[in-house]
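The values are calculated or read from the model by the stated rules, or taken from the named source; none is laboratory data. Note that the coordinates shown come from a computational prediction; the quantities given were computed from them, not determined experimentally. Every residue, glycine as well, gets a Cβ built from its backbone with ideal geometry; the counts of neighbours run over all protein chains shown.
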Amino acid sequence: MSQWRSWAIIGLIMLVIGGAVSASRPPDRLREIAGVWLLEFEGSNFFEGATAATVRDFDPAEAGWLEEGDAIDVEKLFAGDGGYADCYKVRAFALRFKGRRHAGVSGHLGLWNSRYEVVELIEMTPLPWPDCDSPFGWKAED
């Protein structure tokens with residue numbers, strides 16, 4: 001077996017073990033949660049405790065993945081926006097919902113450290129967000 005194949009198998013085993021460990025953590029209790037949700041192509045960033053005025057003070061690396069379930073119709077949010085000619089549009093919302101926070105690897109390609117599960121939507125207010133502004137561009141590079 002080649003060295004590359006050995007490393008690939010070891011990496012796969014580590015990924016499975018990591019997923020099992022994070023899946024074994026119990027979720028938070030059902031509670032009311034508020035914050036800002038940035039919905040984008042292959043991204044669903046939720047910042048608990050953020051408001052329209054404070055969301056840019058949060059570290060993008062600390063966002064949780066928002067799993068909207070049946071509570072929010074994402075297809076409707078994406079419909080009729082004219083596509084992605086020059087950029088991927090970011091949609092921002094102030095959310096208040098009943099749900100749970102789950103710690104551990106989550107989201108698209110497992111790139112988030114936690115996930116928020118929406119059980120019941122209480123309030124969702126659209127927020128202005130520049131069309132081509134990526135949420136990951138707001139922090140200065142180190």
Sort out which residues of region 1-35 are small (G, A, S) and at pLDDT below 90, and write them in order of number. S2, S6, A8, G11, G18, G19, A20, S22, A23, S24
I'd like the residue in region 36-46 that is in contact with a Phe, Trp or Tyr (Cβ under 8 Å, 6 or more places away or on another chain) and surrounded by fewer than 23 Cβ atoms within 10 Å (Cβ to Cβ) and, out of all such residues, is modelled with the lowest pLDDT. F41
Take the residues in region 36-61 that are among the charged types (D, E, K, R) and in contact (Cβ under 8 Å) with a residue 12 or more places away in the chain; name whichever of them is nearest to G110 (Cα to Cα). E42
Looking only at region 82-117, how many residues end up being at pLDDT below 90, among the charged types (D, E, K, R) and in contact with a strand residue (DSSP E or B) (Cβ under 8 Å, 6 or more places away or on another chain)? 2
Residue that is farthest from H102 (Cα to Cα) [pool: residues in region 28-47 that are part of a strand (DSSP E or B) and acidic (D, E)]: E40
